[in-house]
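Single-structure report; data block below.
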Amino acid sequence: MNNHRIANRARYLPSTYISTLRMVLRLKTLLHLMARNLPGGFSLRPFLHRLRGVKIGNDVWIGDDVYLDDEYPETIEIQDGAAVATRCTIIGHTKGPGRIVIEKWAAIGAGCVIVCAAGQTLTIGEGAVVSAGSAVSNSIPPYILCGPPRIQQFGKVTVPFRTANTIEEFRRGLKPASARIKNRVSGNRFDGDSDDELSRISRSHE
């Protein structure tokens with residue numbers, strides 16, 4: 001009888017609830033780790049994230065090593081047909097939970113970071129495409145293609161970083177980039193002589 005009373009009292013001790021909470025948190029962390037590393041972009045990964053509390057619709061694809069908020073998984077919603085590519089990070093809280101909604105048929109490119117603030121609802125609109133490597137902290141309208149600026153060339157490397165003995169040696173070897181090369185890197189067209197110049201620069205580093 002005494003043992004029964006002790007057991008009943010133990011149910012209501014704070015330490016019991018804390019232990020249970022820790023076990024649940026460990027389970028969610030384990031599920032997250034499994035979802036990031038196991039195969040099954042259309043099947044197993046979405047299923048594991050659903051168990052964590054992420055709201056995921058049908059026909060959703062989740063790539064390798066996608067991080068969906070570990071602390072507040074319930075703040076993220078991914079609707080039917082959306083895709084989240086490899087190594088994206090989606091965080092639905094900053095100083096408190098917000099909400100991130102990736103609407104139907106939206107596509108998030110590889111390596112994107114999406115973060116919202118407390119109380120904010122950040123929406124990636126239906127059919128929108130976010131280019132790889134984008135950092136997103138505001139909503140994107142439906143059926144919009146968006147992304148960061150293209151990579152720019154800041155200078156010509158004459159001493160390769162891997163062969164320089166010091167950072168100063170590498171810096172001294174940097175030369176200003178010509179306007180033609182800058183245009184080439186940014187995707188603008190210009191005369192064919194620049195192709196020869198780029199080839200010469202490439203050969204100089206072989």
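FYI, it's all coordinate maths here, none of it is from the lab. Being a predicted model, the structure only gives us computed values, none of them experimental. Counting neighbours? That spans all protein chains shown, and the Cβs are built from the backbone with ideal geometry, glycine included.
Determine the distance separating the Cα centre of segment 21-70 from the Cα centre of segment 130-150; give it in Å without decimals. Cα centres, segment 21-70 to segment 130-150: 24 Å.
For Lys175, a cut-off of 18 angstrom between C-alpha atoms picks up these lysines, skipping any fewer than 8 places away in its own chain: Lys156.
Between Leu145 and Phe47, the modelled labels are 3.6 nm apart [label points 7 Å from Cα along Cα→Cβ]. Applying 0.36 nm per residue to the separation of Thr166 and Asn138 and subtracting their alpha-carbon distance, the gain on full extension is 6.0 nm. For Lys55, a cut-off of 26 angstrom between C-alpha atoms picks up these lysines, skipping any fewer than 8 places away in its own chain: Lys28, Lys95, Lys104. Each other residue within a Cβ distance under 12 Å of Arg99 adds +1 if Lys or Arg and -1 if Asp or Glu, for a net charge of -2. Of all DSSP beta bridges confined to segment 37-118, the antiparallel ones make up roughly 5%.
As a calculated quantity, the FRET efficiency between Val159 and Leu33 at R0 = 41 Å, using C-beta atoms, amounts to about 0.45. What is the local net charge at Asp65, summed over the other residues whose Cβ is closer than 9 Å to its Cβ (Lys, Arg +1; Asp, Glu -1)? Net local charge, Asp65 excluded: +1.
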